[in-house]
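Contents: one structure, followed by commentary.
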């Protein structure tokens, strides 16, 4: 954004004011239609129209975003807390050129030239100019103005401090700018050959450590979001499997059980409406259903479970020796316990075209996908269940350094690689289409949570 572009008069003197309930004059069709929105601020930029719009989610369960658009071709997308997610400019051919963007909330910005460090002067300049331009607009909803009081140094410091809530080798699924993260435990007992945490000792925080972490998080979140804490409405309990704490508590009362963790989280962050956590097939099946019901009733209202595949041979090969029957039993048990939103993670591409098992038999990845589709139809609640519909999240396989699975791919003996770079995406899109045909809610893009992280799927 050039210096001349930020000289918005803010008074919108020479243009007719757009009423808040009117459509934007600048938002163009998205996927063939104009997304639902309302104008919250307007002004001029270089004597031409500039608008800030609240754009409602275009997909199911998608959070609204703010769009700042100018007649001169700027398009900035920001989250609910006003933090910039992307800045694009239309060129003379009408195509968008990416100036800066990020896919998750770790603070990993990119430009069209590659990654940008948080200390990059180009990044700082662009962020400051964006906020300068927005702040000079005339706001129809003055309560929204505070969301855009950011300065580049604040944004960078914020990502740095929020990054201390978790380790570099951990991922937070669906991590976004409205989420507070509490690391309740580190490590994983699992033996997944594609995960760098394989076999890492599981260590849970004791009750004193838990409250210390929550109190520190509260101070940090208030520091950056004190004027809009109601927008920090998502919480994630960071653990490879929160139910492991249920069993740990039975041996050591100073280790908080999952219900205690959830209650403490809400105690320090009463603003939270969505609470997430990982659960696993063996722990679900071993936990009493009445406890699972109590866990949901106390506020853990979203759970993620790593299914990866419903093809038993592939699952065993990947180091997850749980049958499709066991995985289905776990999902049904969560449903019976009252959980409204169960998110199953499916991995695509982990075995390329397929692999040779210990008996020398070739196990096709397409056969594995067929089994997975059948499994989802049998176990996941479709969109017909409305507010109780479950969701499948597709994760494209990402090679993690130092893992056995990465070595097998590189050797090319046991695993048969894809014949072309497009085959992975072909499988993803095939799976998406099959899910949608079956009216199963589906999202492809879990792997963005892996960006800059080493950990794979829990």
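The values are calculated or read from the model by the stated rules, or taken from the named source; none is laboratory data. These numbers were taken from a predicted model, which means no experiment stands behind them. Heads up, the Cβs are rebuilt from the backbone with ideal geometry, glycines too, and the neighbour counts pull from every protein chain shown.
Numerical summary
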item: Filter pass, residue 251 being surrounded by fewer than 19 Cβ atoms within 10 Å (Cβ to Cβ) and under 17 Å from residue 217 (Cβ atoms); result: no
item: In segment 167-189, residue nearest to residue 256 (Cα to Cα) [restricted to those that are in a strand (DSSP E or B) and touching a residue at least 60 places away in the same chain (Cβ under 8 Å)]; result: 185
item: Residue 435 vs. criteria more than 24 Å from residue 317 (Cα to Cα), in a helix (DSSP H, G or I) and either in contact with a strand residue (DSSP E or B) (Cβ under 6 Å, 6 or more places away or on another chain) or in the same structural domain as residue 103 (by TED's automatic domain parsing) (or both); result: yes
item: Flag for residue 242 being part of a loop (DSSP other than H, G, I, E, B), surrounded by 24 or more Cβ atoms within 10 Å (Cβ to Cβ) and either at pLDDT below 95 or in the same structural domain as residue 349 (by TED's automatic domain parsing) (or both); result: yes
item: Any hit, segment 117-136, residues being in contact with a helix residue (DSSP H, G or I) (Cβ under 8 Å, 6 or more places away or on another chain), crowded, with 16+ Cβ neighbours inside 10 Å, on the phi > 0 side of the Ramachandran plot and touching a residue at least 40 places away in the same chain (Cβ under 8 Å); result: no
item: Qualifying residue in segment 210-230 (condition: assigned by TED's automatic domain parsing to the domain that holds residue 404 and part of a loop (DSSP other than H, G, I, E, B)); result: no
item: Qualifying positions in segment 323-359 - buried (at least 17 other Cβ atoms within 10 Å of the Cβ), out of contact with any strand residue (DSSP E or B) (no Cβ under 9 Å at 6 or more places or on another chain) and outside any helix (DSSP H, G or I); result: 337
item: Test: residue in segment 190-206 that is out of contact with any helix residue (DSSP H, G or I) (no Cβ under 7 Å at 6 or more places or on another chain) and at pLDDT 95 or above; result: yes
item: Qualifying positions in segment 437-452 - over 21 Å from residue 303 (Cα atoms) and either modelled with pLDDT of 75 or more or under 13 Å from the mean Cα position of the chain (by Cα) (or both); result: 437, 438, 451
item: Criterion (at pLDDT below 90, closer than 28 Å to residue 153 by Cβ and surrounded by 19 or more Cβ atoms within 10 Å (Cβ to Cβ)) met by exactly one of 46, 104; result: 104
item: Set 266, 276: member being over 27 Å from residue 405 (Cβ atoms), out of contact with any helix residue (DSSP H, G or I) (no Cβ under 8 Å at 6 or more places or on another chain) and either in the same structural domain as residue 240 (by TED's automatic domain parsing) or in a helix (DSSP H, G or I) (or both); result: 266
item: Single residue of 363, 378 found to be crowded, with 16+ Cβ neighbours inside 10 Å and modelled with pLDDT of 95 or more; result: 363
